[in-house]
Amino acid sequence: MKTLLLFGATGLVGQAVLRQALADTRVGRVVAPTRRPLPPQAKLENPLIDFKALPEEAPWWRADGAICTLGTTIRRAGSQAAFREVDFTYPLTVARVAHRHGTPAFALTSSLGADAHARTFYLRTKGETEKAVADTGFASCTIVRPSILGGDRSESRPMEAISTGVMSALAWMIPRRYRVVPAENVATALLNAAINATRGRHVLESEDLQ
Ligand SMILES: NC(=O)c1ccc[n+]([C@@H]2O[C@H](COP(=O)([O-])OP(=O)(O)OC[C@H]3O[C@@H](n4cnc5c(N)ncnc54)[C@H](OP(=O)(O)O)[C@@H]3O)[C@@H](O)[C@H]2O)c1
């Protein structure tokens, strides 16, 4: 039975990963470090951490597989620099520390269009994160690139809700790659990647997640 290390368990995709992992008989233990506490559950260990001062020597960094669903928006973070800290620095740091402790597999939530040479800051940052994480040295590294996420979000993001609604209604005329992807599908892909830990680098595009 495997131990899963999960970063981002309070978010839309992270909550779905957590739910699925806790119900999955292949997973014996989930370690989900967060900055605010999760409701206690069987199989769940929930260290409270400060991402600016990670407990890098904690024993729980060694797992069978790790998943990162951390992320924010430039608007929510308040600046490009603050966004980059959450979407580049934190994922890369947790990847490096987990790798140093011997965790062999890492699955990262990125984005459709992520590209280290993209013109937009968001996609460029996502692309840089992908590259840096993939270069960390995991035996198995999977990058998952969803289009707009579908699912129930407690936080209000009106523009995202409008685009999700319009895109869902018009799904039949939108190429698969650009359709809304249920957060549950992204979670399943991440979980399978982290548990199966197939050797090498893998990229799952949005059309693979429909
Ligand atoms: N939204 C979309 O349509 C979309 C599309 C493509 C790709 N993505 C990417 O998919 C990933 C998951 O998205 P999501 O919608 O599930 O994200 P989300 O619901 O906003 O959750 C983000 C997670 O990151 C954590 N986080 C945010 N700011 C933080 C900070 N300053 N310090 C520490 N932790 C922080 C949150 O923790 P707290 O709960 O403590 O804030 C939460 O666990 C992200 O990388 C996102 O860029 C999203």
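The table that follows gives values for the structure above.
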| quantity | calculated |
| --- | --- |
| Per-residue SASA entry for S79, accessible area with 1.4 Å probe, Å² rounded to 10 | 50 |
| Alpha-carbon centroid distance for the pair segment 65-112 / segment 25-44, whole angstrom | 19 |
| Within the chain, percent of DSSP bridges classed antiparallel, to nearest 5 | 0 |
| P(r) tail fraction, segment 1-115 - alpha-carbon pairs more than 16 Å apart, % | 59 |
| log10 of Debye I(q)/I(0), alpha-carbon scatterers only, for the chain at 0.10 Å⁻¹ | -0.40 |
| Karplus-derived HN-Hα couplings along segment 71-82 (A = 6.51, B = -1.76, C = 1.60, θ = phi - 60°), whole Hz, x at Gly and Pro | x, 8, 10, 5, 5, 5, 6, x, 6, 5, 5, 5 |
| Helix axis angle, 121-134 relative to the chain longest principal axis, alpha carbon, degrees | 30 |
| Placed amide H near I67: partners under 5 Å, 5+ positions off or other chain | L5, L6, F7, A107 |
| Simple Cβ-charge dipole of the chain, Lys/Arg +1 and Asp/Glu -1, about Cα centre, in debye nearest 20 | 80 |
| Rounded to 5, the percent of DSSP beta bridges in segment 55-178 classed as antiparallel | 0 |
| Among beta bridges that DSSP assigns inside segment 1-102, antiparallel share in %, nearest 5 | 0 |
| With at most 10 neighbouring Cβ atoms within 10 Å, loop trypsin sites (Lys or Arg not before Pro) (DSSP) excluded, longest segment of the chain | 120-210 |
| Summed residue charge, Cβ within 12 Å of R29's Cβ, Lys/Arg positive, Asp/Glu negative | +1 |
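The values are calculated or read from the model by the stated rules, or taken from the named source; none is laboratory data. Since this is a predicted model, take the numbers as computed values, not measurements. Reconstructed Cβ throughout: ideal geometry from the backbone, glycine too, with neighbour counts over all protein chains shown. Note: areas computed on protein heavy atoms with side chains; ligands, DNA, RNA excluded. Shrake-Rupley method; radii C 1.70, N 1.55, O 1.52, S 1.80 Å.
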